[in-house]
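Visitor: Quick one: structure below, then a few questions.
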Amino acid sequence: MTLSPSPFESLARARADLRIGLPVVLTATAGSAVVIAAETLMAERLAGLRRLGDPVLAVTARRADTLKARVYDGDLARVPLCGNVDVSWIIGVANPADDLTMPLKGPFSTLRGGDATLARTGIRLARAARLLPAVVMVDVPDENLPALSQLTRIDASLATSILDTPTQLQRVISARIPLEVSETARLHVFRPREGSEEHNAIEIGRPTRGTPILVRLHSACFTGDLLGSLKCDCGAQLRAALKRMGDDGAGVLLYLNQEGRGIGLANKMRAYSLQDQGFDTVEANHRLGFEDDERDFRIGAEMLAQMGFSRIRLLTNNPAKVEMMREHGIAVTERVPLLVGLNPLNARYLDTKAKKSGHIL
């Protein structure tokens, strides 16, 4: 057995490196590049990138649209960094926090032509690390790679393949945990192979595997579930789903660690700050460079399959969850509405979910 990291482990290491401000090396048939997350970039490392070559800032097409920067690469734009820009300018371009209060440093020129594979992979890694989806990168000739041997090196095509593959889960442990709604409830912990956050399943009662069981796919919401935030309906949905399962005597609640529709708590708070400026929840995500919803509900299908469930009654207002379950081998025999949590402070948020995200409310 080799002691070297597997591709999964190298990818986990790359995500951790980006979060703490370390660059990683991405390689492809067209060449190699040193890549660092714009959010964690420091002045010393920007200087180091300049010594290697001409740095480029890569942002998603969503962010580029906000910046009024031309997109030539389909899903992203590459902005050359002239010699006088500093870290604060780069972060100001990547982060929309001050878009309205401080004019951005445009107009922007963007690269046209050439291979954007490494930029695309870098953005995906930053997104997987729950950082802003923007990276600074510089092309590196093969003869300079030995001097970068201490950096984590990732093959871009292999990284893309892993990121495209449904998360492989290891069932770690389960134990009884008496709850208000069921004294016989059990908590099952699942750990992703690639080292991301663990996900949990709360099994209420003793649900049979042969008949459709009541199931809720619930994405973690620190503000709503724990703090009782009135800005969303998540906490109310969580408690209502558990109560419904308790009343029925059986059910499974999947608690998926995909905070903020999969963008992480910090980015969710950035989106909240943008909402305070007048943008709705979808517009805020787009200004940050994300899509409407970055969650992966294939995780839920895998958890259910490992627990022996193949037919479910899904507690949801979101038709996309129904389709995702069906596409990945879980038969949804009924969509059970969960219409709770409306209040004056989240009425616009719920209206946006209905009009722009297709929720049935």
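Visitor: Select from the stretch 62-80 the residues that are among the β-branched types (V, I, T) and open to solvent by less than 20 Å² (accessible area, probe 1.4 Å) and list them in ascending order.
Guide: Listed by number, the list holds a single entry, V79.
Visitor: Please state which of the following conditions S273 fails to meet, knowing it meets all the rest: (1) farther than 18 Å from L230 by Cβ; (2) of a type in the set (S, T, Y); (3) surrounded by fewer than 19 Cβ atoms within 10 Å (Cβ to Cβ).
Guide: (1)
Visitor: Based on this model, can you work out whether G329 counts as closer than 20 Å to G246 by Cα and among the small types (G, A, S)?
Guide: no
Visitor: Restricting attention to strands (runs of 3 or more DSSP E) lying wholly within the stretch 26-90, give those where 3 or more residues are farther than 16 Å from G114 by Cα.
Guide: Here the list reads 31-37.
Visitor: Filter the stretch 192-210 for residues that are buried (at least 16 other Cβ atoms within 10 Å of the Cβ) and either among the basic types (K, R) or in contact with a helix residue (DSSP H, G or I) (Cβ under 7 Å, 6 or more places away or on another chain) (or both); which is nearest to I299 (Cα to Cα)?
Guide: It comes out as H199.
Visitor: Pairs please, first residue from the stretch 52-68 and among the acidic types (D, E), second anywhere and surrounded by 17 or more Cβ atoms within 10 Å (Cβ to Cβ), Cβ atoms under 7 Å, 6+ apart in sequence or on different chains.
Guide: Pairs that qualify, where the first residue is among the acidic types (D, E) and the partner is surrounded by 17 or more Cβ atoms within 10 Å (Cβ to Cβ), are D54/V138.
Visitor: Return the residue satisfying two criteria in turn: it lies in the stretch 276-308 and is touching a strand residue (DSSP E or B) at 6+ places or on another chain (Cβ under 6 Å) and over 15 Å from Q258 (Cβ atoms), and of such residues it is surrounded by the fewest Cβ atoms within 10 Å (Cβ to Cβ).
Guide: Among those residues, the one meeting the criterion is Q306.
Visitor: Out of the stretch 164-213, which residues are touching a Lys or Arg at 6+ places or on another chain (Cβ under 6 Å) and among the charged types (D, E, K, R)?
Guide: Result: R176, R186, E198, E203.
Visitor: Those residues that are within 19 Å of L131 (Cβ to Cβ) and over 23 Å from the mean Cα position of the chain (by Cα), I need them from the stretch 80-98; list them, please.
Guide: Within the stretch 80-98, L81, V87, S88, W89 meet the criteria.
Visitor: Find the residue count for the stretch 174-184, including only residues that are open to solvent by 100 Å² or more (accessible area, probe 1.4 Å) and over 31 Å from the mean Cα position of the chain (by Cα).
Guide: So the answer is 2.
Visitor: Have a look at D233, D248 and point out the one that is open to solvent by less than 30 Å² (accessible area, probe 1.4 Å) and either acidic (D, E) or within 18 Å of F297 (Cβ to Cβ) (or both).
Guide: Going through D233, D248 in turn, just one is open to solvent by less than 30 Å² (accessible area, probe 1.4 Å) and either acidic (D, E) or within 18 Å of F297 (Cβ to Cβ) (or both): D233.
Visitor: With respect to D155, determine if the residue is of a type in the set (D, E) and free of Cβ contacts under 8 Å to residues at least 12 places away in the same chain.
Guide: No; evaluated as a whole, the condition is false for this residue.
Visitor: For the stretch 162-173, does any single residue satisfy the condition of being free of Cβ contacts under 8 Å to residues at least 60 places away in the same chain, assigned to a helix (DSSP H, G or I), open to solvent by 60 Å² or more (accessible area, probe 1.4 Å) and aliphatic (A, V, I, L, M)?
Guide: No, the stretch 162-173 contains no residue that is free of Cβ contacts under 8 Å to residues at least 60 places away in the same chain, assigned to a helix (DSSP H, G or I), open to solvent by 60 Å² or more (accessible area, probe 1.4 Å) and aliphatic (A, V, I, L, M).
Visitor: Among the residues of the stretch 327-361, which ones are over 30 Å from D276 (Cβ atoms) and in contact with a helix residue (DSSP H, G or I) (Cβ under 9 Å, 6 or more places away or on another chain)?
Guide: E327, H328, G329, I330, A331, V332, R335, V336, listed by residue number.
Visitor: With respect to the numbered conditions (1) on the phi < 0 side of the Ramachandran plot; (2) open to solvent by 30 Å² or more (accessible area, probe 1.4 Å); (3) within 17 Å of the chain's Cα centre (by Cα), which one is the sole condition not fulfilled by R313?
Guide: (3)
The values are calculated or read from the model by the stated rules, or taken from the named source; none is laboratory data. Model, not experiment: these values are computed from the prediction. Heads up, the Cβs are rebuilt from the backbone with ideal geometry, glycines too, and the neighbour counts pull from every protein chain shown. Surface accessibility is based on the protein's heavy atoms, side chains included, excluding ligands, DNA and RNA. Shrake-Rupley method; radii C 1.70, N 1.55, O 1.52, S 1.80 Å.
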